Amino acid sequence: MIRILHQIFRTGIVTEPLPAEAEAEIQELGAKLEDAVRRRFRRSLTIRAVDAGSCNGCELEIHAINNPIYNCERFGIHFTASPRFADMLLVTGPVSRNMEIALKRTYNAAPPPKLVVAVGDCGCNGGIFGESYASLGSIDKAIPVDACIHGCPPAPAAILKGILKAIIGISL
Amino acid sequence: MEKNDLRNIIVSYFDTDAIQDNNQSPASVPAYRVPRERFAEAAKAMKSADARLVAEWAADESAFGRGFGIYACYNKESEYLIVKTYAPLEDLTFPSITKKFIAANRFERQMKSLMGVMPTGHPDLRPWIKHEDWPEDAYPLQKSFDASKPMTRIKGEYQFIKAEGEGVYEIPVGPVHAGIIEPGHFRFQAVGEDIINLEERLGYVHKGIEKRFESLSWIDGVKLAGRVSGDSAVAHSLCYSRALESITGCNPPERALWLRALMLERERTANHLGDIGAIANDAAFTFLLYQFSRLREMLLRTNLKLFGHRFMMDRIIPGGVAVGINNDAKKEIISEMHWLEKEFERLVVIYDENPSLEDRVRDTGVLKPETAKELGVVGFTARASGQAMDCRIQSPFPPYDRIIPKAPVLNSGDVHARAWVRIEEIRESIRIIREIVNNLPEDKTASDFIVPTPDKSGFAVVEGWRGEIVYWIQSGIKGEINRCMVRDPSSVNWLALEQAIHGNIVPDFPLCNKSFNQSYSGHDL
Ligand code: SF4
């Protein structure tokens with residue numbers, strides 16, 4: 001136990017401000033954002049992540065926004081196991097044919113108003129997998145998409161920024 | 001010294017019935033063609049020689065006028081050998097080898113599902129990866145299949161294995177799981193809390209990767225290989241490149257080889273760090289998750305800074321690498337390793353001394369050594385269950401012939417063993433990274449790319465962080481990609497989870513699953 005406490009004190013708080021440009025943008029969006037999150041989501045935004053055929057690269061970076069350095073919880077963002085509680089679906093992958101039905105079901109299970117954010121190039125436009133017998137070629141071919149975060153994979157800061165922007169997008 | 005046990009067995013057993021295929025590279029991995037009706041006999045001979053089935057696959061070689069090629073690759077210690085045969089277009093069947101090798105079960109179901117070649121004598125012909133709503137005659141890996149069009153959905157139902165008896169109930173889980181992970185379906189049969197059977201059903205993230213390769217140039221192919229399983233971008237793109245280089249005879253410069261190993265070890269370390277934290281988290285010890293994810297994040301940032309990408313995607317190219325590091329970068333890596341080692345060792349003590357963690361990870365999800373051997377599992381999963389295998393040692397490329405890794409082997413096969421093997425591997429990787437950086441040869445970073453000539457096949461294995469990755473590639477009549485067979489470690493290791501879970505309680509499933517952390521994308525392709 002003493003070791004654990006030591007380590008906690010030694011580590012301190014490692015959460016960082018986002019990279020300068022992201023941070024500046026967030027500052028700017030800050031006021032609107034707070035208002036939006038408070039009004040629309042009662043101070044917390046609950047996300048359900050859905051892998052619709054990704055290579056797992058985007059999942060790793062979504063994981064990273066939960067690490068103590070990006071610490072998404074400081075913005076009131078957290079992840080849920082059930083789409084029933086979700087305000088937002090964070091969807092990755094080009095939508096494999098074998099995931100299309102499950103993705104649509106997850107979408108239908110989430111209560112409105114709901115936001116859908118496509119994460120990664122292959123979710124936005126099919127990326128390297130493109131469109132084929134096994135891949136729809138983008139998330140908006142299966143469900144309505146509110147925002148896209150490009151990158152292969154997008155860096156954690158870009159994902160955070162994209163989520164925040166998507167929230168503001170609907171309240172404008 | 002090269003061992004030739006398997007080769008000698010095939011040659012003496014089949015005599016003139018086994019013809020060596022001269023189009024197969026590298027020379028150290030020979031391919032022997034045997035008559036179709038004797039394909040299973042070869043498997044039997046390999047089994048009695050104590051060989052492991054590495055992979056089994058098919059290729060549509062109708063453009064060469066010889067039907068479909070059926071391939072099985074075997075390994076024993078450092079020796080790899082391919083046995084092949086042909087199925088003519090009018091009779092696309094071959095003798096199943098499932099009765100000899102359990103791993104062949106899914107390989108052959110997959111071959112039937114995607115390539116349309118029928119393994120005769122196979123006990124379970126339910127489709128694999130191909131879901132029940134695909135048109136039955138859709139065989140995407142056949143050349144005549146038009147991959148650009150969406151397929152219609154038909155009605156159909158997958159038949160799960162049923163367990164019956166008083167008090168047996170079923171828990172279906174997935175494909176969408178609770179956490180931020182890839183999709184797959186698990187069907188448990190349980191009595192009370194105890195799991196009596198687990199059946200996996202995968203294929204949800206099948207996005208047609210192997211078919212996609214066939215529409216890409218060799219150079220673009222490496223980008224796709226890097227996205228077969230995003231957590232293993234380096235290992236997959238390296239394996240693809242090595243298979244391709246084996247065909248063209250291209251030798252990357254010494255410096256490129258060392259930089260490849262540097263990236264491979266960094267990928268191993270970052271993934272191991274993340275997973276050890278995640279295992280602790282699934283045993284309700286969140287503290288370690290946050291601590292380990294902090295270390296992992298720092299490594300990824302260095303990757304971005306020095307190599308231009310957090311996962312080092314697209315940094316390995318056929319012929320070499322697309323990165324260069326200068327003296328400042330070397331210094332940075334050395335001081336990073338110094339920092340990492342200190343931080344890491346502190347956390348290891350905490351992991352090791354925590355009784356409640358120990359209680360959860362010991363004797364949980366045991367994969368017995370004999371089962372591991374029987375299934376032919378690979379990588380840290382195999383090493384945690386008594387199997388001393390590591391391609392970096394058995395099939396080394398420079399610098400692993402000089403900086404020889406020590407592969408830790410444990411026998412308990414439980415969650416703890418799988419975590420502990422990875423702890424030891426991080427220590428080794430730190431040592432290897434230091435040695436590479438300190439002795440990095442001066443040279444170019446890439447040799448010129450050479451385009452393959454028609455009808456050649458190449459093979460390579462690379463020890464990614466999960467274990468042995470295998471690529472077999474074949475050039476077509478115009479020298480294009482005719483076939484790119486990918487075998488992720490997960491393709492065999494998924495079988496191990498089903499076995500390891502027997503007798504465990506349902507709430508321990510996430511912990512067990514995490515300790516294997518297999519790839520869905522690498523398996524489903
Ligand atoms: S965008 Fe790139 S990293 Fe993300 S899932 Fe697609 S291929 Fe993988």
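The values are calculated or read from the model by the stated rules, or taken from the named source; none is laboratory data. Computed from a prediction, not measured in an experiment: that's the story for all the values here. Here the Cβ positions follow ideal geometry from the backbone for every residue, glycine too, while neighbour counts run over all protein chains shown. Surface accessibility is based on the protein's heavy atoms, side chains included, excluding ligands, DNA and RNA. Shrake-Rupley method; radii C 1.70, N 1.55, O 1.52, S 1.80 Å.
For the reader, a short list of remarks on this structure follows.
- Taking amide hydrogens as placed 1.01 Å from N in the peptide plane, the amide H of B:Ala460 sits under 5 Å from those of B:Tyr471, each at least 5 positions away in sequence or on another chain.
- Label positions at B:Arg402 and B:Ser335, each projected 7 Å from the Cα along the C-beta direction, are separated by 2.7 nm.
- Taking a Cβ cut-off of under 15 Å around A:Asp140, the surrounding Lys, Arg, Asp and Glu residues balance to a net charge of -1, with basic ones at +1 and acidic ones at -1.
- Interface residues, the range B:289-333 - accessible area loss of 10 Å² or more versus chain alone, probe 1.4 Å: B:Tyr290, B:Gln291, B:Ser293, B:Arg294, B:Arg296, B:Glu297, B:Met298, B:Arg301, B:His309, B:Arg310, B:Phe311, B:Met313
- Cβ-Cβ FRET estimate between A:Ser82 and B:Glu37, R0 fixed at 35 Å, reported to 0.05: 0.05
- Backbone N under 16 Å from the B:Asn411 label point (7 Å along Cα→Cβ), restricted to the range B:381-397: B:383-389
- Under 5 Å from the amide H of B:Thr93 lie the amide H atoms of B:Met118, each residue being 5 or more positions distant or on a separate chain, with H modelled from the backbone and absent for Pro and chain starts.
- Carbon + sulfur, % of accessible area of the protein assembly as shown - ligands and nucleic acids excluded, 1.4 Å: 52
- A convex hull fitted around the alpha carbon atoms of the range B:381-485 yields 113 Å³ per residue.
- Column: log10 I(q)/I(0), Debye, Cα scatterers of chain B, q = 0.06, 0.08, 0.11 Å⁻¹: -0.27, -0.50, -0.97
- For the range A:133-147, Karplus couplings with θ = phi - 60° (6.51, -1.76, 1.60), whole Hz, Gly/Pro x: 4, 10, 9, 6, x, 3, 6, 5, 6, 10, 9, x, 10, 8, 8
- Here the Karplus curve 6.51 cos²θ - 1.76 cosθ + 1.60, taken at θ = phi - 60°, turns the phi angles of the range B:409-419 into couplings of 10, 10, 10, 6, x, 9, 4, 4, 4, 5, 6 Hz, with x standing for Gly and Pro.
- Extension gain (nm, one decimal) between B:Thr453 and B:Asp363, 0.36 nm per residue minus Cα-Cα: 27.1 nm
- Mean projected area (nm²) of the alpha-carbon convex hull when the range B:219-515 is viewed from all directions: 14.6
- Separation of the B:Asp328 and B:Glu136 label points, Cα + 7 Å toward Cβ, nm: 6.6
- Across the range B:6-120, the convex hull enclosing all Cα atoms gives 98 Å³ per residue.
- Theoretical gain in end-to-end length, B:Asn439 to B:Glu193 [0.36 nm per residue, Cα-Cα removed]: 83.1 nm
- Phi to ³J(HN,Hα) by Karplus 6.51 cos²θ - 1.76 cosθ + 1.60 over the range B:357-364, Hz, x for Gly, Pro: 5, 4, 4, 7, 8, 7, 6, 9
- In plain terms, the chain from B:Thr286 to B:Lys3 could stretch by 97.1 nm, reckoned as 0.36 nm per residue minus the Cα-Cα distance.
- Distribution of pairwise C-alpha distances over the range B:287-444, 5 Å bins, in %: 2, 8, 13, 16, 19, 17, 13, 8, 4, 1, 0
- Of the GluC sites (Glu not before Pro) found in the range B:1-107, the ones in coil according to DSSP and having at most 11 other Cβ atoms within 10 Å of their Cβ are B:Glu2, B:Glu90.
- Put a dot 7 Å past the Cα of B:Lys305, heading toward its Cβ, do the same for B:Ile19, and the two dots end up 5.9 nm apart.
- Filtered GluC sites (Glu not before Pro), the range B:141-195: DSSP coil and at most 14 other beta carbons within 10 Å: B:Glu157, B:Glu164, B:Glu166, B:Glu193
- Normalised convex hull volume, the range B:98-153, alpha-carbon set, Å³ per residue: 79
- Computed from the C-beta positions of B:Ser62 and B:Gln159, the FRET efficiency with R₀ = 30 Å rounds to 0.40.
- For the range B:171-301, diffusion coefficient by Stokes-Einstein and Kirkwood Rh (Cα), 10 °C, 1.306 mPa s, µm²/s: 88
- The magnitude of the dipole of the range A:103-172, with charges of +1 and -1 set on the Cβ of Lys/Arg and Asp/Glu and taken from the Cα centre, is near 220 debye.
- Proximity of backbone amide H atoms, modeled 1.01 Å from N, is registered between B:Glu79 and no other residue at under 5 Å, excluding neighbours fewer than 5 places apart on the same chain.
- When Rg and the Kirkwood radius Rh are both evaluated on Cα atoms of the range A:43-168, their ratio Rg/Rh stands at 0.94.
- MRE, 222 nm, helices only [DSSP H, n ≥ 4, -39500 (n - 2.57), over chain B, to nearest 500]: -12000 deg cm²/dmol
- Members of B:Lys99/B:Lys406; B:Lys84/B:Lys211; B:Lys44/B:Lys155; B:Lys76/B:Lys99; B:Lys143/B:Lys223; B:Lys155/B:Lys373 lying beyond 28 Å, as alpha-carbon distances in this model show: B:Lys99/B:Lys406; B:Lys44/B:Lys155; B:Lys155/B:Lys373
- R0 of 41 Å, Cβ-Cβ distance B:Thr93-A:Ile168: FRET efficiency to nearest 0.05: 0.10
- Eigen-decomposition of the gyration tensor built on the alpha-carbon atoms of the protein assembly as shown gives equivalent ellipsoid semi-axes of 38, 29, 26 angstrom, largest listed first.
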